[in-house]
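Peer 1: I'd like to ask some things about the structure below.
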Amino acid sequence: MVSRKSESKVVGPKYVLQDGDRITITPRAMRVEGPTPLLRQFVRFIESKGFQSDGNGKGDHERYKSPDGKLLVLNVDKRDPKHVDIASVKSLAKISGRSYGEITTEIARFDA
């Protein structure tokens, strides 16, 4: 008997979504809704929160220290270099103790 409930599971770098007899394979990054913030806007936002540049990391990564000493490694999105990557936004959310959605909403509303 086939269950009609939608299921999803991670298979390597992709998600397999199964809805009844229909199967859809999507890239893993598609599970995050909406685009990531612009790089300039993100940097202005974190600097307004007291983060200070701590020099360059490996390759094109940049490092920032929070006021309480936690390290945030910033990287650009490989698909669109004007945006930060998802991991940088998630790292900021973890450092600040908030969710990814809350951080992206606050950055979108931020006016420098």
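Peer 1: Highest first, please rank the peptides 62-71, 84-93, 98-107, 38-47 by the mean number of other Cβ atoms sitting within 10 Å of their residues.
Peer 2: 84-93, 38-47, 98-107, 62-71
Peer 1: From the backbone phi of segment 69-79, what are the Karplus-calculated ³J(HN,Hα) couplings (6.51 cos²θ - 1.76 cosθ + 1.60, θ = phi - 60°) in whole Hz, Gly and Pro given as x?
Peer 2: Using θ = phi - 60°, the values come out as x, 6, 9, 10, 9, 9, 9, 8, 6, 5, 7 Hz.
Peer 1: If I model a spin label at residue 63 and residue 98 as a point 7 Å from the Cα along the Cα→Cβ vector, what separation in nanometres do I get?
Peer 2: It works out to 2.6 nm between the two label points.
Peer 1: Between rounded, prolate and oblate, where does segment 39-112 land on the alpha carbon gyration tensor, with a ≥ b ≥ c its root eigenvalues, rounded for a/c under 1.5, else prolate if a/b exceeds b/c?
Peer 2: Here segment 39-112 falls in the rounded category.
Peer 1: Under the Karplus relation 6.51 cos²θ - 1.76 cosθ + 1.60, θ = phi - 60°, what is the ordered set of whole-Hz ³J(HN,Hα) values for segment 85-96, x standing for Gly and Pro?
Peer 2: Values per residue, Gly and Pro as x: 7, 5, 4, 5, 5, 5, 5, 4, 4, 5, 4, 8 Hz.
Peer 1: What is the gain in length, in nm to one decimal, between residue 109 and residue 40 on full extension, counting 0.36 nm per residue of separation less the C-alpha to C-alpha distance?
Peer 2: 23.4 nm
Quick note: the coordinates plus some simple rules give every number you see, no bench work behind them. Only a predicted model underlies this, so the values are computations on that prediction, with no experimental measurement involved. All Cβ positions, glycine included, derive from the backbone under ideal geometry; neighbour counts span all protein chains shown.
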